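The values are calculated or read from the model by the stated rules, or taken from the named source; none is laboratory data. Worth saying up front: this structure is predicted, and the values here are computed from it rather than measured. As a convention, Cβ positions derive from the backbone with ideal geometry for all residues, glycine included, and neighbour counts pool all protein chains shown. These area figures cover heavy atoms from the full protein model, side chains too; ligands, DNA and RNA do not enter into them. Shrake-Rupley method; radii C 1.70, N 1.55, O 1.52, S 1.80 Å.
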Amino acid sequence: MHTVGELLRHWRQRRRLSQLDLAIASDVSARHVSLVETGKSNPSAEMIVRLADQLDVPLRERNRLLLAAGFAPRYAERPLDGAALQAAWDAVARVLRAHEPYPALVIDRRWNIVMTNRAIDRFLTNVAPDLLRPPVNMVRVGLDPRGLAPHIVNLADVRSLLRTRIGRQLATAPDPELTALYEELLAEGSEEADQPIESEIATPMIFRFGERELRLFSTTTTFGTPLDITLDEIAIESYYPMDAETGAYFTDMDRR
């Protein structure tokens with residue numbers, strides 16, 4: 001089992017900070033940071049949290065730091081649909097409903113789908129049933145040949161975008177299951193490069209269903225300063241039309 005000092009050093013090095021950098025950001029001496037990392041000084045719970053703040057350590061890993069130092073975990077992990085997080089659940093559900101008729105969904109840290117709005121259902125109609133058995137993974141549904149992959153015109157662009165996002169996520173907070181998903185579906189050189197599709201807004205996701213082509217871009221929303229692990233690890237993915245034809249399609253479908 002690693003000591004709290006070893007874990008803090010690991011996170012500092014992962015963030016590519018010197019002891020002096022961390023000390024200045026945390027308003028402590030570099031000597032104190034050194035003593036904590038070498039185990040010659042036992043940090044208080046407050047000091048651990050202060051250092052973790054500056055190192056942008058995820059809440060799940062902050063609990064690990066606290067446990068390593070002999071303190072009780074500080075951050076709870078409660079189900080989003082439980083009574084304790086009712087206000088958060090209601091807020092997320094309201095955001096999803098308000099985004100209709102356009103698609104929106106909630107994913108967890110491993111890109112498993114937690115909640116969706118009604119507009120998402122249209123995209124899942126022809127997805128293989130086994131891909132829709134919980135937990136439904138957004139990356140797998142999107143890139144599997146039995147999922148949405150055959151309908152994505154610019155699949156290489158989308159794969160590259162996901163590769164960048166998940167690679168950045170793993171650099172921030174390693175996770176074995178997400179790493180396995182990355183290696184399975186996002187390995188470099190696993191597809192032929194498409195001609196880049198230019199956009200004045202963002203990299204589009206272009207779907208083709210029969211003769212109809214839908215062009216969408218996405219935004220990501222997270223909770224600000226969460227104190228619960230569940231809220232720290234979920235994100236709302238909202239999709240918007242990039243042209244009038246796509247917007248009209250969703251508006252027309254919503255009226256039916």
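Of all segments of the chain bounded by GluC sites (Glu not before Pro) found in a DSSP loop with no more than 16 other C-beta atoms within 10 Å, the longest spans 78-187. Estimated at 0.36 nm per residue, the fully extended path between Arg15 and Asp27 surpasses their Cα-Cα distance by 2.6 nm.
Among the listed values [x] -0.57, -1.22; [y] -0.60, -1.08; [z] -0.72, -1.20, the one matching log10 I(q)/I(0) by the Debye sum over Cα atoms at q = 0.11, 0.16 Å⁻¹ as calculated from this structure is [z]. Please list, in order, the residues from region 78-93 whose amide nitrogen is less than 18 Å from a point placed 7 Å along the Cα→Cβ vector of Glu177. Zone members listed by number: 78-82. Counting protein heavy atoms only, the chain has 51 percent of its accessible area on carbon and sulfur, 1.4 angstrom probe.
Considering only alpha-carbon pairs that sit under 8 angstrom and 6 or more positions apart, the relative contact order computed for the chain is 18 percent.
Annotation: per residue accessible area for the chain equals 55 Å², rounded to a whole number [probe 1.4 Å, protein chains only]. The distance separating the Cα centre of region 83-133 from that of region 32-69 comes to 35 Å.
If R0 is taken as 25 Å, the Cβ-Cβ distance between Ala187 and Leu161 corresponds to a FRET efficiency of 0.95.
Each principal axis of the Cα cloud of region 113-185 was evaluated for its coordinate range; sorted largest first, these ranges are 34, 26, 21 Å.
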